[in-house]
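What follows is a single structure, written as structure tokens, with notes after it.
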Amino acid sequence: LEARGGNGGNQWDDGAEHEGVSKIYIREGRNGIESIKFDYVKNGEPKDGPIHGGSGQSFTESFDLNHTIDEHIVSIKCYYDEGVIQGLVINRAGSLGGGGKRAPNRVEPALVIKTNIRTSALMGYNLGTKFKLGVKGKKIIGFHGSSDKNLNSLGAYFTTLSPDNLDV
């Protein structure tokens, strides 16, 4: 799916030659998501992906997927405002939380990651413009988008699920 969110930033593309996603790292700052990094699975082995975005005085949260039991992302819901995807706060089965400070005159959007096994808690606030990256009967195997000092847009690559996984 084409990248959605704000305009601007430098285009990046992790490609679609992966079997799936094994881990997502989000660096959250005061003005939104400063950077995002996806680790992938290729040939059954973890593969580090590049960091997209800037760096700053912020913290990093992570969301792990268990690719050994074929846990995979089926969709991601995002909210964004003022051209920047903001407010990613990972909650892993309710165990991690947090939140950036709300910047003046900013809406703190949110993100929800849905795998075939679980759905993360709402991360951030469900305000702003909403979009969903998901295709029925498919799983996300790669990401692309744009970023500069923040994550501006996010898009995804999909592949068809095997017949064993279609009951999701």
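Can you put L133, L161, L111 in order of Cβ neighbours within 10 angstrom, beginning with the fewest? List each step's numbers first, then the result.
Values: L133 21, L161 18, L111 25.
Ordered from fewest to most neighbouring Cβ atoms within 10 Å, L133, L161, L111 come out as L161, L133, L111.
Counting 0.36 nm for each residue step from K149 to S162 and taking away their Cα separation leaves a gain of 0.9 nm. The label point for K136 and the one for L1, both projected 7 Å from the Cα toward the Cβ, are 1.4 nm apart.
Other residues lying with their Cβ under 12 Å from the Cβ of Q11 contribute a combined charge of -4, Lys and Arg counting +1, Asp and Glu -1. Here the gap between A16 and S62, fully extended at 0.36 nm per residue and compared with their Cα-Cα distance, gives a gain of 14.4 nm. Amide H to amide H distances under 5 Å link K42 with E19, K47, where only residues 5 or more positions off or on other chains count and H is placed in the peptide plane.
Values quoted throughout were computed directly from the atomic coordinates according to the rules given, and no laboratory measurement underlies them. Quick caveat, the model's predicted, so the values are computed rather than measured. Glycine gets a Cβ as well: all are built from the backbone with ideal geometry, and neighbour counts include every protein chain shown.
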